[in-house]
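Structure, as structure tokens:
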Amino acid sequence: MSDAPVMISIRNLKKSFGDLHVLKGIDLDVRRGEKVVVLGPSGSGKSTMLRCINALEDADSGTITVDGVEVTSRRTNINRLREHLGMVFQRFNLWPHKTVLENVMLGQMVVSGRSKAEARERALKMLERVGLAAKADEYQRVGIARALAMDPKAILFDEPTSALDPELVGEVLAVMKSLADEGMTMIVVTHEITFAREVADRVIFMDGGVIVEQGNPEDVLVHPKEERTRAFLKRVL
């Protein structure tokens with residue numbers, strides 16, 4: 001993995017909301033095909049970091065580059081960026097007034113300029129890809145299908161299982177594992193420690209707006225060096 005080119009590069013990323021300093025200088029490189037799992041307590045800045053990568057939040061300072069495109073540049077066409085950078089949200093972020101199929105079609109037509117017929121054909125393939133039976137209430141797998149339909153080079157997952165009923169968690173994690181096996185570049189914010197141990201190439205622990213510790217799953221999850229990491233793992237385990 002160390003020989004793979006860098007897909008996502010973050011340098012000295014800072015973000016505040018009023019007087020609340022959420023990100024205090026994040027430096028991170030994610031290589032093509034790498035699976036990075038981000039752990040940390042609520043309020044540590046994990047989700048804000050993902051939203052800055054996808055330009056859903058504007059960075060106060062620092063730079064973010066995705067596959068050679070500088071996200072933080074005013075000249076960047078954000079829609080073009082998002083064609084190749086999928087995101088799956090905690091709360092699904094689907095259009096409630098549209099069908100499952102229409103949700104997967106919409107971004108392809110608006111962002112990628114695909115015809116309705118092309119978008120429909122790919123949407124059907126991606127819904128089949130995530131194993132979605134004819135159950136319109138399984139929205140998180142629809143969210144993954146929607147992200148896949150854009151032919152992404154990387155996907156950001158923001159706590160994708162935290163809002164799910166327990167019986168659906170395993171199904172969504174299984175889809176994510178299959179994507180990892182296929183070599184998808186992934187940054188996953190989650191509290192699913194077992195998933196991190198089985199899938200991640202690298203685990204990052206964030207707290208207080210900084211990266212406290214990072215390394216392979218064995219180092220961070222079994223033999224953490226930092227007291228803050230040990231305290232967090234003791235709580236979640």
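The values are calculated or read from the model by the stated rules, or taken from the named source; none is laboratory data. For clarity, every value in this text was computed on a predicted model and none was experimentally measured. Cβ sites come from the backbone with ideal geometry, for glycine too, and all protein chains shown count toward neighbours. Ligands, DNA and RNA are stripped out before the accessible areas are found, and what is left, the full protein with its side chains, is counted by its heavy atoms. Shrake-Rupley method; radii C 1.70, N 1.55, O 1.52, S 1.80 Å.
Laid out as a table, the results:
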| item | result |
| --- | --- |
| Selected residue (criterion: farthest from residue 10 (Cα to Cα)) from residues of the stretch 199-237 that are part of a loop (DSSP other than H, G, I, E, B) and touching a residue at least 24 places away in the same chain (Cβ under 8 Å) | 237 |
| Qualifying residue in the stretch 12-21 (condition: among the hydroxyl-bearing types (Ser, Thr, Tyr), open to solvent by 20 Å² or more (accessible area, probe 1.4 Å), on the phi < 0 side of the Ramachandran plot and within 16 Å of the chain's Cα centre (by Cα)) | no |
| Which listed residue is of a type outside the set (Val, Ile, Thr) and open to solvent by 40 Å² or more (accessible area, probe 1.4 Å), from 170, 209 | 170 |
| The stretch 73-93, residues that are open to solvent by 50 Å² or more (accessible area, probe 1.4 Å) and over 18 Å from the mean Cα position of the chain (by Cα) | 74, 75, 77 |
| Matching entry among 38, 30 (being open to solvent by less than 20 Å² (accessible area, probe 1.4 Å) and under 17 Å from residue 212 (Cβ atoms)) | 38 |
| Test: residue 119 is closer than 17 Å to residue 90 by Cβ, open to solvent by less than 20 Å² (accessible area, probe 1.4 Å), out of contact with any Lys or Arg (no Cβ under 8 Å at 6 or more places or on another chain) and at pLDDT 75 or above | no |
| Test: residue 11 is of a type in the set (Lys, Arg), part of a helix (DSSP H, G or I) and touching a residue at least 12 places away in the same chain (Cβ under 8 Å) | no |
| Candidates 183, 143, filtered to the one that is touching a residue at least 24 places away in the same chain (Cβ under 8 Å), assigned to a loop (DSSP other than H, G, I, E, B) and open to solvent by less than 50 Å² (accessible area, probe 1.4 Å) | 183 |
| Of all residues in the stretch 42-53 being at pLDDT 95 or above and either in a loop (DSSP other than H, G, I, E, B) or among the aliphatic types (A, V, I, L, M) (or both), the one that is surrounded by the most Cβ atoms within 10 Å (Cβ to Cβ) | 49 |
| Residue check, residue 151 open to solvent by 20 Å² or more (accessible area, probe 1.4 Å), acidic (Asp, Glu), in a loop (DSSP other than H, G, I, E, B) and within 24 Å of residue 7 (Cα to Cα) | yes |
